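Where a number appears in this text, it was derived from the coordinates with a stated rule and is not lab data. Everything quoted here is computed from the prediction, not taken from an experiment. Quick reminder, even Gly has a Cβ in these numbers, built from the backbone with ideal geometry, and neighbours come from all protein chains shown.
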Amino acid sequence: MGMSLRNLLPVVFLVVLGVVAVASLPFSGEPPADFPFINGSEPKSLDPHLVTGQPEGRLVFAMFERLVRWDPATGAEYSSQLFAVKGAEAFATGKASDFEGTVGMRAVDARTLEVELSAPTRGTRWWPNSAFHRPPR
C-alpha cells in the first residue's frame, strides 16, 4: 500500500515547518541584539560630523548617545555655528592645530564647560538647548 502524493504533501509540509521552527530558535544564552528603528528614509551618512538631515540625526543620536567629537578634518557643514567661540574658526579652517591653546572652550570640571566668545554675540542662548551641544546622559 503506497502513499499517494496527496497524502504525502501534509507530511512534507509538517517536516519543513518543523525544520524552520528549530532553525529559528536562538542557540545562545544571549537575547537577540535587534534594534528596529523606523526612520522614514535612508541616511546619507552615519558619520556624526557630516550628517545634516533629521533622519541621519535621529540615527546618530541613537547610536552615539550624543557623545560626538568635533573634528575639523571632516569639513562639517555646520561648524560655522560655533565660530562665535574664540579661536573656533581658525581651528575649523586649519589655520590653528592646537585646540586647547586656540579655542576658547575648556572643561572646568566633569559637568561644567566654560566657553569664551570672541565678541559679544546675539543668538548664543540656543547653544545649551541645541541637539549637538547637549551633554551625554
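Here are some notes:
- With θ taken as phi - 60° and the Karplus curve 6.51 cos²θ - 1.76 cosθ + 1.60 applied, the whole-hertz 3J(HN,Hα) list for region 8-17 is 7, 4, x, 5, 4, 4, 5, 5, 4, 4 Hz, x standing for glycine and proline.
- Ranked by the mean number of other Cβ atoms within 10 Å per residue, highest first, peptides 102-115, 78-91 order as 78-91, 102-115.
- Contour minus Cα-Cα distance for THR93 and ARG111 (0.36 nm per residue): 3.6 nm
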